[in-house]
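Take a look at the structure below.
The values are calculated or read from the model by the stated rules, or taken from the named source; none is laboratory data. Just so you know, these numbers come straight off a predicted model, no measurement behind them. All Cβ positions, even for glycine, are placed from backbone atoms using ideal geometry, and neighbour counts span all protein chains on display.
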Amino acid sequence: MTYRRLTNPLKSTLAIATIWIVLLNSAYGFTHGAILHTFNGNPDGSPESLILDAAGNIYGTAIHGNGSVFKLSPNANGGYDYSALYEFQGGADGAIPVAVLMDSNGNLFGTTSEGGANSCIGGFGCGTVFELMPTPSGPWIHTVIYNFGSFSGDGATPVAGVTLDGAGNLYGTTSGGGTNDEGTAFELSPSAGGWMETILHSFSNSGGDGCLPQSPVTLDNQGNLYGMTYACGSFGAGIVYQLTPTSGGVWSENILHSFQGGSDGQGTYSGLTLDSAGNLYGTTVAGGVGPECHLSLGCGVVFELSPVAGGAWTESILHRFRATTDGAVPYAAPVFDASGRLYGTTSEGGTNGNGVVFRLTPISGGRWLEKTYSFTGLADGGQPESGVVFDASGFLYGVTFTGGGQNGKDFGTVYRAKP
């Protein structure tokens, strides 16, 4: 069992008939499953992430060669039509797209972990932030809005997507670069027809700070940013941090939690989910109980951080994964449904070793009850590395990085199910 690499270097347009199956077993509270698309590897790659728009279209990134951004559109036959919106060439336009988000005008923004105009260690590009804009005639226009590595101390190698605020500013992290070459948190602001970057924080492997952030940032209503780092901190197992803007334009860091690497978790690629009361929820890929995973380091946890009087934060472990009995190695943040239950995925573990979708329901005494669906690695897919999203009707959607198992294909699926 291995950790995911810090960067994951790994079209036809056709109507895809929806294959209805009992994807998520009703005994575990999931029914009406459907595989919306099975990926072929060449040319459509393996899916990494997805988002939904209000019209029911699905957008995401896929890895094959230099990567692509795709769209799945509902058709009149009840299925979905696949189209590649952009295929990266691996040069100045970037390579290995991570995730995308959509603004109110229907434009997509995302990052590539490699490529771009500037070279980093090893000769790989330092990565980009890009925009994809739809046109009335159909093709989408790709624009690199920022090239990392543009100056000494700039960030490099973003391996998470960006976050958008109400003023049109973008926020994100890079896993490398910065003053200490331990990663950065950055802001991109529209400026005179272009974009201006501001480094909000350069992470450091000293003083209890975190390093190597692999996670996106979460924005609250007061303009504060929350995120996590993969490593460093007081115990070397990563931190949860808050970045707060000040009147002088400088952002201050507040370390909310340092993971200890034992029962409370270790290492994270997860973003953070913020609830209406200001509590934060996330996952770690290791820690928790052993010895089933990672040479006794544990299979990962789901945790909650809650603010308490005096500015401190307290951690609660909502669930510790146990490999074959439930799941292992969650990469993505859990999300809430309308009833206050948390849903997420693990990339490994489960009955078949191909990962799970899990649901955590709050019950009495501060406990959370877990239910799971185990992927088979066949028609339903396997190794879900990204989380799930909900539509307005309560259906959840997700992707698997492998599986599909149709006509010898094994490059992942887009799935939908009804809790």
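Flag: Ser73 matches the condition of being under 18 Å from Ile35 (Cβ atoms), surrounded by fewer than 19 Cβ atoms within 10 Å (Cβ to Cβ) and of a type in the set (Gly, Ala, Ser). Scanning the range 102-119 for residues that are crowded, with 17+ Cβ neighbours inside 10 Å and not in a loop (DSSP other than H, G, I, E, B) turns up Met102, Leu108, Phe109, Gly110, Thr111, Thr112, Ser113, Glu114.
Taken over the range 47-81, the criterion of being over 29 Å from Gly91 (Cβ atoms) and under 15 Å from the mean Cα position of the chain (by Cα) is satisfied by Leu52 alone.
Apart from one condition, Leu360 fits all of (1) buried (at least 24 other Cβ atoms within 10 Å of the Cβ); (2) in contact with an Asp or Glu (Cβ under 6 Å, 6 or more places away or on another chain); the exception is (1).
For the range 136-145, residues that are modelled with pLDDT of 95 or more and farther than 24 Å from Gly155 by Cβ total 2.
Just to be sure, is Pro43 closer than 18 Å to Thr402 by Cα and surrounded by fewer than 23 Cβ atoms within 10 Å (Cβ to Cβ)? Criteria met by Pro43.
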